[in-house]
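S.K.: Dumping the structure here so I can ask a few things about it.
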Amino acid sequence: MKHYDVLVIGGGIAGISAAKALDGLKVLLVEKSDRLGGILNQCLHRGFGKDMTGPEYISGILSDFPENINVALKTAVTDITPQKTATLRHENSTEEISFSELILATGCMERPTGHMLIAGSRPEGVYTAGQVQEMINIHGIIPPSPAVILGSGDIGLIVAKHLFENNVEVTIVEIKDQLGGLARNRMWLEGYDVKIMINTTVKKILGEESINGVVLTDGTHIPAKTLIAATGLIPDREILKYKNYPFEIHICGNCKEVFPMVEGVARDAERAANAAIENIRRNNDR
Amino acid sequence: MKKYDSVVIGGGVLGAFVLRSLRRYDISCILLEASGDIAGGITRANTAIVYTASDNRPGSLKAEMAKRANENFHELCNDLGVRFSRCGSLMVSFGEKGDEVLRKKLIQGEENGVRGMKIISGSEAKMLQPLLSENVTTALYSPMTGTVNPWELTIAAFENAVQNGAQAKMNAKVIDIIPTDEGYEVKTENDVFFAKTVFNCAGLEADKIHSLVSNDGIRLSIDGADFIVFDKYAPKPDMIIFHETENGKGITAVPTVEGNLIVDSPPREADNSFDTTSEGLDYIIENLNKVLPELDTKRIIRSFGALRPNPHKPDGRSIHSFCIENPSPGFYSLIGIKTPGLTCADEIGKYLAGFAVEYLSAKINEDFDPVRKTGDHIGGEIICLCENITKGEIISAIKRGAKDIHGIKRRTGALMGKCQGSRCSIKIKKILEEYNETL
Ligand SMILES: Cc1cc2nc3c(=O)[nH]c(=O)nc-3n(C[C@H](O)[C@H](O)[C@H](O)COP(=O)(O)OP(=O)(O)OC[C@H]3O[C@@H](n4cnc5c(N)ncnc54)[C@H](O)[C@@H]3O)c2cc1C
Ligand SMILES: Cc1cc2nc3c(=O)[nH]c(=O)nc-3n(C[C@H](O)[C@H](O)[C@H](O)COP(=O)(O)OP(=O)(O)OC[C@H]3O[C@@H](n4cnc5c(N)ncnc54)[C@H](O)[C@@H]3O)c2cc1C
């Protein structure tokens, strides 16, 4: 069984930043998908660092990535045992490894649309905001107009702008009495023709094969060919199936808490890396 | 015209098991399914419980079948390579009337030979299942109750039937049936199939198919139910919880073989669509609060609706037994087979095959192999990040008959995780498109 000083799970900004801060140790960085960078791969808006897109930001952070760090792409960690071993699922094989320290950087996932218990049919055309970002930015598919966006946090607002710029008619529906999100993501709305409905939510989805409208709590009927749920992100720590591990797990980035800004994620990852280094040093002294 | 000993109409759990049972004998058969894939009807949305016979009248066909089916379920699932969990059940009540119903079920169950049932107190129930409410007055414990994934079971039975020489045709909606001297001409839009025997397993449409050869006036009325699904990581009961209110059935909570918890509503009106209703969903949430108050509703990931066909005599009276009709020689109809139809599917299949054997004087098929051969799991890039399903597994599902994202879900378990496909559905659609282009 191969042994690593530190196993880093997740190759988003958190995992990359942590691995970089561990230079000199025997590190394995494991990423499920076929590339590093995580969620930023699908964020093409200029919202990162100094006016960069997600992929630009990733290139920047990877430009001085140490060569001696082992990276396993297309590999999922499927199990972690209390004995400090992990199961890796590679493309065509599985492998057991052991580690001294564990950094968890598995990011977050979107709350699924189904969470909201909206009545009605389950037609095509209902997405989460992240899915729409992936459709537009990675696959070049623009969802059909008009669109209703449920939730006005940062991601809802970013997707709304994106759609609007692609000539999709947009209505934003927010259950609270005012819009959420960072001021800079809200600014563009001024002077634009985007319908905003506050103090309400979607009660029913209409349409058979494809969605053709939604009904709000007060009975208002809005035609829609696309419904996008931007109702929140949840930290993804599913891998920690056992409730109690007899060792410290360094959790960082969006799987610890959802960060609004990428700089915060990188800082948090460095903190986690330092804690791992400290533990290794202490054990060596003993 | 293609000639068969038997035509099976409908690719739900019943059609699949009838088809498989026919191949235990030397009977040539074909299954005709209206839609593009099997397991897309009633079978796709139900409570997934493998019942004991404690709900059925002693001496009835249902009781007899449910008892045998329940006892043999483990072996059946072993043969078919399907997950089965004999998790046991607790039926809980909250007052005098409910307590009385539980005591009656115990007596009925024991009369039907159900093993291991026991009445326990509310506090004992809470010790067994700590998430239960403190207000439970009585509980009926039943260790033999289990759960199975209905579409996994259906697909497995179907694949095993085909491995044993059965044929099948999708997108083949039966539109007419003409009796002839030797049998029946079964017409779809593009084909005519001749068969000596016909098995009508058309689910929600079974009364229409039946009326093509019979004027006995049996018809279906349709009602429905709503369901919610909790993610795998939610703390949950590890037994099935049946909720008996003071006025009849409440909710049912089932820890599925995948590790989720599904919760259903009692029957409610339906307009012939699989839509969910706010009435049903609200009922579930309200009653979960009463029965399992500590369940974390933030962990709900999905809701879905179900349709249930209820058979009636022409005068409107309900038919309570399994409605299995033989309106003309060699023609058999299953009309409105509801709970425990999933549990009894193999029994019903064998029962109907028995008629065919007699009618056709068919011999045993010595080559029949009840064990489903499953392909090796193939690797490749991980596409479904929640369930770690690879591209290879998705392509293998397409080769085995998946036509769309639902078919992939039912064959691989992709899209069923916590993100409900938000991270992989687009990739899966692309794989489907690419595969279809190479054909
Ligand atoms: C849709 C969206 C838009 C955002 N927009 C902005 C913005 O405009 N500006 C800004 O500053 N910030 C933004 N953020 C916030 C923040 O910058 C990012 O969320 C941040 O990059 C998250 O980094 P991370 O490494 O924690 O998570 P992720 O980038 O999600 O990375 C986690 C990685 O872990 C991998 N993984 C998960 N489980 C396993 C496993 N078991 N085995 C192996 N690998 C695994 C995943 O494949 C993924 O690549 C946005 C966030 C989201 C979700
Ligand atoms: C809400 C609910 C909960 C239930 N819970 C349980 C449970 O927990 N345990 C249990 O044992 N049972 C349960 N049942 C019962 C069980 O689900 C059914 O008995 C079973 O699924 C019925 O399967 P089927 O094959 O008859 O119907 P279906 O699955 O509907 O299959 C019929 C097929 O016929 C096809 N078809 C229709 N018309 C035509 C045509 N003209 N030509 C060709 N094909 C056609 C349809 O497309 C469909 O695929 C439940 C039922 C409901 C409704």
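S.K.: Given the condition without any contact (Cβ under 8 Å) to a residue 60 or more places away in the chain, among the acidic types (Asp, Glu) and on the phi < 0 side of the Ramachandran plot, answer yes or no: does some residue in the stretch B:303-321 qualify?
M.R.: For the stretch B:303-321, residues without any contact (Cβ under 8 Å) to a residue 60 or more places away in the chain, among the acidic types (Asp, Glu) and on the phi < 0 side of the Ramachandran plot: present.
S.K.: Among all residue pairs at least 6 apart or on different chains, which show Cβ distances below 7 Å where the first residue, located in the stretch A:102-118, is in contact (Cβ under 8 Å) with a residue 60 or more places away in the chain and more than 22 Å from A:GLY38 (Cα to Cα) and the second is in a strand (DSSP E or B) and not acidic (Asp, Glu)?
M.R.: From the stretch A:102-118, the pairs are A:HIS115/B:ILE300; A:HIS115/B:ILE301; A:MET116/A:ALA229; A:ILE118/A:VAL202; A:ILE118/A:LYS203; A:ILE118/A:LYS204; A:ILE118/A:ILE205.
S.K.: What residue, among those in the stretch B:254-274 that are surrounded by 23 or more Cβ atoms within 10 Å (Cβ to Cβ) and without any contact (Cβ under 8 Å) to a residue 40 or more places away in the chain, is nearest to B:ARG299 (Cα to Cα)?
M.R.: B:LEU261
S.K.: Inside the stretch B:400-433, can you point out the residues that are free of Cβ contacts under 8 Å to residues at least 24 places away in the same chain and either more than 9 Å from chain A (Cβ to nearest Cβ) or more than 18 Å from A:ILE228 (Cα to Cα) (or both)?
M.R.: The answer is B:LYS409, B:LYS430, B:GLU433.
S.K.: For the stretch B:273-308, give me each residue that is away from chain A (no Cβ under 11 Å) and of a type outside the set (A, V, I, L, M, F, W, C). Please lay out each step first, then the result.
M.R.: Our first condition is that a residue be away from chain A (no Cβ under 11 Å); within the stretch B:273-308, this holds for B:283, B:286-296, B:306-308.
B:TYR283, B:GLU286, B:ASN287, B:ASN289, B:LYS290, B:PRO293, B:GLU294, B:ASP296, B:ARG308 - these are the residues of the stretch B:273-308 that are away from chain A (no Cβ under 11 Å) and of a type outside the set (A, V, I, L, M, F, W, C).
S.K.: Is it the case, given these coordinates, that A:LYS161 is assigned to a strand (DSSP E or B) and surrounded by 15 or more Cβ atoms within 10 Å (Cβ to Cβ)? Reasoning before the result, please.
M.R.: Numbers: assigned to a strand (DSSP E or B): no; surrounded by 15 or more Cβ atoms within 10 Å (Cβ to Cβ): yes.
The answer is no for A:LYS161.
S.K.: Moving on. In the stretch B:189-204, which residues are buried (at least 18 other Cβ atoms within 10 Å of the Cβ) and more than 25 Å from B:TYR25 (Cα to Cα)?
M.R.: Scanning the stretch B:189-204 gives no hits.
S.K.: What residue, of B:GLY217, B:GLY183, is out of contact with any strand residue (DSSP E or B) (no Cβ under 7 Å at 6 or more places or on another chain) and away from ligand 2 (no atom under 16 Å from the Cβ)? Give the steps one after another, and end with the answer.
M.R.: Numbers: B:GLY183 fails: out of contact with any strand residue (DSSP E or B) (no Cβ under 7 Å at 6 or more places or on another chain).
When all the criteria are applied, what remains is B:GLY217.
S.K.: With respect to the numbered conditions (1) farther than 25 Å from B:LYS232 by Cα; (2) more than 27 Å from the chain's Cα centre (by Cα); (3) among the charged types (D, E, K, R); (4) crowded, with 18+ Cβ neighbours inside 10 Å, which one is the sole condition not fulfilled by B:GLU358?
M.R.: Only one criterion is unmet by B:GLU358, namely (4).
S.K.: OK, next. If you scan the stretch A:70-94, which residues turn out to be polar (S, T, N, Q), farther than 16 Å from A:MET1 by Cα and surrounded by fewer than 17 Cβ atoms within 10 Å (Cβ to Cβ)?
M.R.: Within the stretch A:70-94, A:THR78, A:ASN92 qualify.
S.K.: Name the one entry in B:ILE49, B:ILE107 that is surrounded by fewer than 16 Cβ atoms within 10 Å (Cβ to Cβ) and either in contact (Cβ under 8 Å) with a residue 12 or more places away in the chain or closer than 24 Å to B:LEU128 by Cα (or both).
M.R.: B:ILE107
S.K.: Quick one: in the stretch A:218-229, of everything that is away from chain B (no Cβ under 11 Å) and buried (at least 16 other Cβ atoms within 10 Å of the Cβ), which residue is farthest from A:GLU174 (Cα to Cα)?
M.R.: Step one: filter the stretch A:218-229 for residues away from chain B (no Cβ under 11 Å), giving A:218-227.
Those still in the list that are buried (at least 16 other Cβ atoms within 10 Å of the Cβ) too: A:222, A:224-227.
Details: A:ILE222: 14, A:ALA224: 16, A:LYS225: 19, A:THR226: 16, A:LEU227: 13 Å.
Among them, the one singled out is A:LYS225.
S.K.: Ok, one more. Within the stretch B:319-355, which residues are within 15 Å of ligand 2 (Cβ to nearest atom), among the small types (Gly, Ala, Ser) and surrounded by fewer than 18 Cβ atoms within 10 Å (Cβ to Cβ)?
M.R.: Matches in the stretch B:319-355: B:SER321 only.
S.K.: Now for a different question. Out of all the residues in the stretch A:209-217, is one or more exposed (fewer than 12 other Cβ atoms within 10 Å of the Cβ), within 16 Å of ligand 2 (Cβ to nearest atom), within 14 Å of another protein chain (Cβ to nearest Cβ) and of a type outside the set (Lys, Arg)? It would help to see each step written out before you state the result.
M.R.: Narrowing the stretch A:209-217 to residues exposed (fewer than 12 other Cβ atoms within 10 Å of the Cβ): A:209.
Add one more test, that the residue is within 16 Å of ligand 2 (Cβ to nearest atom), and what stays is A:209.
Keeping just the survivors that are within 14 Å of another protein chain (Cβ to nearest Cβ) gives A:209.
Now restrict to residues that are of a type outside the set (Lys, Arg): A:209.
Yes: the stretch A:209-217 contains one or more residues that are exposed (fewer than 12 other Cβ atoms within 10 Å of the Cβ), within 16 Å of ligand 2 (Cβ to nearest atom), within 14 Å of another protein chain (Cβ to nearest Cβ) and of a type outside the set (Lys, Arg).
All of the numbers you see were taken from the coordinates with simple rules; none came from a lab. Being a predicted model, the structure only gives us computed values, none of them experimental. Note: ideal-geometry Cβ built from the backbone for every residue, glycine included; neighbour counts use all protein chains shown.
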